[in-house]
Amino acid sequence: MKKIKYILAIITIATFGFVMQAQIISAEKIINKVDDNINSDTQIVVSDMVIHGKRNDRTITSKGYSEGHKKSFTEYLAPAREEGTKMLKLEDRLWIYSPSTDRTIQLSGHMLRQSVMGSDLSYEDMMEDRKLTEMYRSKILSEETLNVRNTWKLELVAKVDDATYYKRMIWVDQERFVPLKEELFAKSGQLLKKTTMSNIEKIDGRWYPKKMNYKDMLKTGEGTDFIVKEIQFNPKIPVEIFSKGSLRK
(Lines give C-alpha, C1' and ligand atoms only; values in the text may rest on other atoms or scores of the structure.)
Protein backbone atom coordinates (compact mmCIF):
# COMPACT_ATOMS: atom_id res chain seq x y z
CA MET A 1 0.00 0.00 0.00
CA LYS A 2 2.83 2.37 0.90
CA LYS A 3 4.53 1.50 -2.39
CA ILE A 4 1.36 2.39 -4.36
CA LYS A 5 1.03 5.70 -2.53
CA TYR A 6 4.68 6.45 -3.25
CA ILE A 7 4.23 5.75 -6.98
CA LEU A 8 1.09 7.91 -7.08
CA ALA A 9 2.96 10.73 -5.34
CA ILE A 10 5.78 10.54 -7.90
CA ILE A 11 3.27 10.63 -10.77
CA THR A 12 1.49 13.61 -9.20
CA ILE A 13 4.74 15.54 -8.76
CA ALA A 14 5.85 14.75 -12.30
CA THR A 15 2.49 15.81 -13.72
CA PHE A 16 2.49 19.01 -11.65
CA GLY A 17 6.03 19.74 -12.84
CA PHE A 18 5.02 19.28 -16.49
CA VAL A 19 2.02 21.60 -16.04
CA MET A 20 4.18 24.22 -14.35
CA GLN A 21 6.75 24.01 -17.15
CA ALA A 22 3.99 24.41 -19.76
CA GLN A 23 2.76 27.49 -17.92
CA ILE A 24 6.26 28.96 -17.71
CA ILE A 25 7.17 28.24 -21.33
CA SER A 26 4.19 29.89 -22.96
CA ALA A 27 4.05 30.86 -26.62
CA GLU A 28 3.99 34.56 -25.72
CA LYS A 29 7.13 34.25 -23.58
CA ILE A 30 8.93 32.40 -26.38
CA ILE A 31 8.05 35.10 -28.92
CA ASN A 32 9.05 37.81 -26.44
CA LYS A 33 12.48 36.21 -26.13
CA VAL A 34 12.75 35.97 -29.92
CA ASP A 35 11.91 39.68 -30.19
CA ASP A 36 14.55 40.49 -27.56
CA ASN A 37 17.21 38.62 -29.55
CA ILE A 38 16.36 40.04 -32.96
CA ASN A 39 15.27 43.60 -32.18
CA SER A 40 16.97 46.56 -30.56
CA ASP A 41 16.28 50.29 -30.18
CA THR A 42 18.73 51.05 -33.00
CA GLN A 43 20.81 48.96 -35.41
CA ILE A 44 23.51 49.40 -38.01
CA VAL A 45 23.99 46.45 -40.39
CA VAL A 46 26.41 45.85 -43.25
CA SER A 47 25.15 42.95 -45.34
CA ASP A 48 25.34 41.07 -48.62
CA MET A 49 22.17 40.16 -50.47
CA VAL A 50 22.93 37.20 -52.74
CA ILE A 51 20.27 36.79 -55.42
CA HIS A 52 20.39 33.30 -56.93
CA GLY A 53 19.41 33.55 -60.59
CA LYS A 54 18.83 30.89 -63.24
CA ARG A 55 22.24 31.43 -64.84
CA ASN A 56 24.31 33.24 -62.24
CA ASP A 57 24.21 34.86 -58.83
CA ARG A 58 24.32 38.58 -58.01
CA THR A 59 25.65 40.01 -54.77
CA ILE A 60 24.51 43.43 -53.58
CA THR A 61 26.22 45.01 -50.56
CA SER A 62 24.44 47.58 -48.42
CA LYS A 63 24.64 49.44 -45.14
CA GLY A 64 21.43 49.92 -43.20
CA TYR A 65 20.45 52.07 -40.22
CA SER A 66 17.25 51.61 -38.22
CA GLU A 67 15.56 53.17 -35.21
CA GLY A 68 12.66 51.25 -33.76
CA HIS A 69 10.21 50.01 -36.40
CA LYS A 70 9.32 53.40 -37.86
CA LYS A 71 12.61 54.66 -39.25
CA SER A 72 15.20 53.04 -41.51
CA PHE A 73 17.76 54.17 -44.07
CA THR A 74 19.68 51.94 -46.49
CA GLU A 75 22.55 52.82 -48.83
CA TYR A 76 23.74 50.36 -51.47
CA LEU A 77 27.53 50.16 -51.71
CA ALA A 78 28.18 47.59 -54.46
CA PRO A 79 28.16 46.57 -57.30
CA ALA A 80 28.87 49.73 -59.28
CA ARG A 81 25.47 49.75 -61.01
CA GLU A 82 23.67 49.82 -57.62
CA GLU A 83 26.15 52.04 -55.76
CA GLY A 84 24.55 55.17 -54.38
CA THR A 85 20.97 53.90 -54.50
CA LYS A 86 19.28 54.80 -51.21
CA MET A 87 16.04 53.97 -49.44
CA LEU A 88 14.36 55.84 -46.61
CA LYS A 89 11.43 54.57 -44.56
CA LEU A 90 9.48 56.88 -42.25
CA GLU A 91 6.39 55.35 -40.65
CA ASP A 92 4.59 53.61 -43.56
CA ARG A 93 6.20 55.70 -46.32
CA LEU A 94 9.14 54.61 -48.46
CA TRP A 95 11.32 56.74 -50.74
CA ILE A 96 13.97 55.47 -53.16
CA TYR A 97 16.73 57.62 -54.66
CA SER A 98 18.40 56.50 -57.91
CA PRO A 99 21.73 58.16 -58.73
CA SER A 100 21.49 57.14 -62.41
CA THR A 101 18.39 59.30 -62.89
CA ASP A 102 19.02 61.67 -59.96
CA ARG A 103 15.38 61.18 -58.98
CA THR A 104 13.58 60.30 -55.76
CA ILE A 105 10.33 58.35 -55.98
CA GLN A 106 7.88 57.33 -53.29
CA LEU A 107 6.47 53.79 -53.22
CA SER A 108 3.07 53.05 -51.72
CA GLY A 109 0.17 50.62 -51.93
CA HIS A 110 0.57 47.67 -54.30
CA MET A 111 3.98 48.98 -55.44
CA LEU A 112 5.42 47.84 -52.09
CA ARG A 113 4.77 44.24 -53.11
CA GLN A 114 7.35 44.52 -55.89
CA SER A 115 10.62 42.62 -55.68
CA VAL A 116 13.67 44.44 -54.31
CA MET A 117 16.23 44.38 -57.14
CA GLY A 118 15.02 41.04 -58.46
CA SER A 119 15.35 39.29 -55.08
CA ASP A 120 12.81 37.09 -53.25
CA LEU A 121 12.13 39.96 -50.83
CA SER A 122 9.51 42.61 -51.42
CA TYR A 123 9.65 46.18 -50.18
CA GLU A 124 6.91 45.17 -47.72
CA ASP A 125 9.25 42.50 -46.32
CA MET A 126 11.98 45.06 -45.79
CA MET A 127 9.61 47.52 -44.14
CA GLU A 128 7.97 44.98 -41.79
CA ASP A 129 10.17 45.12 -38.70
CA ARG A 130 7.64 45.48 -35.89
CA LYS A 131 7.90 43.10 -32.96
CA LEU A 132 6.06 39.84 -33.52
CA THR A 133 4.16 40.25 -30.25
CA GLU A 134 2.69 43.51 -31.54
CA MET A 135 1.28 41.88 -34.68
CA TYR A 136 0.39 38.26 -33.84
CA ARG A 137 -1.36 35.95 -31.43
CA SER A 138 0.73 32.83 -30.90
CA LYS A 139 0.37 29.25 -29.70
CA ILE A 140 2.68 26.26 -29.41
CA LEU A 141 1.74 23.43 -31.78
CA SER A 142 4.46 20.87 -31.06
CA GLU A 143 8.13 20.20 -30.30
CA GLU A 144 10.33 19.11 -33.21
CA THR A 145 14.00 18.44 -33.94
CA LEU A 146 15.37 20.61 -36.74
CA ASN A 147 19.00 20.23 -37.83
CA VAL A 148 19.80 18.44 -34.53
CA ARG A 149 18.34 21.39 -32.57
CA ASN A 150 15.28 21.03 -30.33
CA THR A 151 12.62 23.52 -31.38
CA TRP A 152 9.12 24.67 -30.59
CA LYS A 153 6.82 24.90 -33.58
CA LEU A 154 4.55 27.91 -33.13
CA GLU A 155 1.59 29.22 -35.07
CA LEU A 156 1.21 33.00 -35.24
CA VAL A 157 -2.04 34.54 -36.50
CA ALA A 158 -2.32 38.27 -37.22
CA LYS A 159 -4.20 40.40 -34.72
CA VAL A 160 -3.69 43.62 -36.71
CA ASP A 161 -5.13 44.40 -40.14
CA ASP A 162 -1.91 45.68 -41.71
CA ALA A 163 0.37 42.66 -41.11
CA THR A 164 2.12 41.66 -44.35
CA TYR A 165 1.34 37.97 -43.71
CA TYR A 166 -1.84 36.66 -42.11
CA LYS A 167 -0.23 33.56 -40.58
CA ARG A 168 3.31 32.46 -39.78
CA MET A 169 4.65 29.08 -38.69
CA ILE A 170 7.92 29.46 -36.80
CA TRP A 171 10.37 26.86 -35.48
CA VAL A 172 12.20 28.41 -32.50
CA ASP A 173 15.43 27.01 -31.04
CA GLN A 174 14.59 25.98 -27.46
CA GLU A 175 18.00 26.90 -26.07
CA ARG A 176 18.84 30.07 -27.99
CA PHE A 177 15.36 31.46 -28.72
CA VAL A 178 16.17 32.14 -32.36
CA PRO A 179 13.91 31.18 -35.29
CA LEU A 180 15.50 28.48 -37.45
CA LYS A 181 12.71 28.19 -39.99
CA GLU A 182 9.61 30.15 -40.92
CA GLU A 183 6.68 29.71 -43.30
CA LEU A 184 4.54 32.68 -44.30
CA PHE A 185 0.91 32.34 -45.40
CA ALA A 186 -1.82 34.43 -46.99
CA LYS A 187 -5.27 34.60 -45.39
CA SER A 188 -6.44 32.08 -48.01
CA GLY A 189 -3.99 29.56 -46.58
CA GLN A 190 -1.59 29.73 -49.53
CA LEU A 191 2.08 29.35 -48.62
CA LEU A 192 3.82 32.48 -49.91
CA LYS A 193 7.38 32.34 -48.59
CA LYS A 194 9.81 30.19 -46.65
CA THR A 195 12.74 31.44 -44.60
CA THR A 196 15.61 29.45 -43.10
CA MET A 197 18.11 30.90 -40.63
CA SER A 198 21.65 29.64 -40.04
CA ASN A 199 25.13 30.70 -38.86
CA ILE A 200 23.73 31.52 -35.42
CA GLU A 201 26.24 33.52 -33.38
CA LYS A 202 26.21 35.19 -29.99
CA ILE A 203 26.68 38.93 -30.45
CA ASP A 204 26.60 41.37 -27.52
CA GLY A 205 24.93 38.78 -25.31
CA ARG A 206 22.20 37.81 -27.78
CA TRP A 207 21.85 35.01 -30.32
CA TYR A 208 21.47 36.19 -33.90
CA PRO A 209 21.25 34.44 -37.30
CA LYS A 210 23.95 35.81 -39.62
CA LYS A 211 22.54 34.08 -42.69
CA MET A 212 18.92 33.98 -43.82
CA ASN A 213 17.55 32.43 -47.00
CA TYR A 214 14.28 33.87 -48.27
CA LYS A 215 12.35 31.77 -50.80
CA ASP A 216 9.35 33.17 -52.66
CA MET A 217 7.19 30.08 -53.22
CA LEU A 218 5.62 31.71 -56.28
CA LYS A 219 9.04 31.78 -57.99
CA THR A 220 11.49 29.11 -59.10
CA GLY A 221 15.11 29.02 -57.97
CA GLU A 222 17.11 28.85 -54.76
CA GLY A 223 15.85 32.07 -53.24
CA THR A 224 17.85 34.98 -51.86
CA ASP A 225 20.49 34.84 -49.14
CA PHE A 226 20.79 37.74 -46.71
CA ILE A 227 24.25 37.55 -45.08
CA VAL A 228 25.14 39.80 -42.16
CA LYS A 229 28.78 40.94 -42.35
CA GLU A 230 28.69 43.43 -39.48
CA ILE A 231 25.98 44.37 -36.99
CA GLN A 232 25.77 46.85 -34.12
CA PHE A 233 22.99 46.82 -31.55
CA ASN A 234 21.85 50.08 -29.94
CA PRO A 235 24.47 52.38 -31.53
CA LYS A 236 23.98 56.15 -31.63
CA ILE A 237 22.69 57.23 -35.03
CA PRO A 238 22.66 60.90 -36.11
CA VAL A 239 19.13 62.27 -36.41
CA GLU A 240 19.75 63.60 -39.93
CA ILE A 241 20.23 60.05 -41.26
CA PHE A 242 16.46 59.60 -41.14
CA SER A 243 15.58 62.60 -43.30
CA LYS A 244 14.82 63.06 -46.98
CA GLY A 245 17.91 65.22 -47.26
CA SER A 246 20.10 62.14 -46.62
CA LEU A 247 18.90 60.56 -49.87
CA ARG A 248 20.89 62.98 -52.06
CA LYS A 249 24.03 63.27 -49.94
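The values are calculated or read from the model by the stated rules, or taken from the named source; none is laboratory data. If you're wondering where the values come from, they're calculated on a predicted model, not measured in any experiment. FYI the Cβ positions are ideal-geometry reconstructions off the backbone, even for glycines, and counts take in every protein chain you see. Note: areas computed on protein heavy atoms with side chains; ligands, DNA, RNA excluded. Shrake-Rupley method; radii C 1.70, N 1.55, O 1.52, S 1.80 Å.
Whole-Hz Karplus ³J(HN,Hα) for segment 211-224, in order, using 6.51 cos²θ - 1.76 cosθ + 1.60 and θ = phi - 60°, x for Gly and Pro?
9, 9, 10, 9, 10, 6, 6, 8, 10, 8, x, 9, x, 10
Could you work out the relative contact order of segment 89-216, using alpha carbon pairs under 8 angstrom and six or more residues apart, expressed as a whole percent?
RCO, segment 89-216: 13 percent.
For residue 133 and residue 57, calculate 0.36 nm times their separation in residues minus their Cα-Cα distance, and state this gained length in nm to one decimal.
Between residue 133 and residue 57, full extension yields 23.8 nm more.
Please list, ordered by chain and number, the residues whose modelled amide H lies under 5 Å from the amide H of residue 136; skip anything fewer than 5 residues away on the same chain.
Counting only residues 5 or more places away or on other chains, the set is 159.
What's the carbon and sulfur percent of segment 46-106's accessible surface, probe 1.4 angstrom, rounded to a whole number? Walk me through the numbers before you get to the answer.
Numbers: 1480 of 3400 Å².
Carbon and sulfur together cover 44 percent of it.
Helix 27-38: angle to the longest alpha-carbon principal axis of the chain, degrees 0 to 90, nearest 10?
40 degrees
Once Lys and Arg get +1 and Asp and Glu get -1 on their Cβ, which of 121, 135, 156 lies farthest toward the positive end of the dipole of segment 94-249?
135
If I model segment 160-200 as equal point scatterers sitting on the Cα atoms and use the Debye formula, what is log10 I(q)/I(0) at q = 0.15, 0.19, 0.23, 0.34 Å⁻¹?
Calculated log10 I(q)/I(0) at the listed q: -0.41, -0.60, -0.77, -1.10.
For residue 120, which sequence-distant residues (separation of 5 or more, or a different chain) have an amide H within less than 5 Å of its own amide H, given hydrogens modelled in the peptide plane?
Distant-sequence amide H within range of residue 120: 224.
Return an integer: the convex hull volume of the alpha-carbon atoms of the chain, in Å³ per residue.
153 Å³
So what's the projected area for segment 96-188, the Cα convex hull averaged over all directions, in nm²? Before the final figure, lay out the partial values.
Values: hull surface 32.5 nm².
That works out to 8.1 nm².
Determine the share of segment 171-249's accessible area contributed by carbon and sulfur atoms, expressed in whole percent, with a 1.4 angstrom probe.
Here it works out to 50 percent.
Can you tell me the length gained on complete extension of the stretch residue 32 to residue 70, counting 0.36 nm per residue apart and subtracting the Cα distance?
Taking residue 32 through residue 70 to full extension adds about 11.7 nm, to one decimal.
Could you derive backbone 3J(HN,Hα) for segment 118-132 from the dihedral phi with the Karplus parameters 6.51, -1.76 and 1.60 (θ = phi - 60°), listing whole Hz in sequence and x where the residue is Gly or Pro?
Rounded to whole hertz, the list is x, 7, 8, 9, 9, 5, 4, 4, 6, 7, 7, 10, 6, 5, 4.
Per residue, how large is the accessible surface of the chain? Use a 1.4 angstrom probe and give square angstrom.
59 Å²
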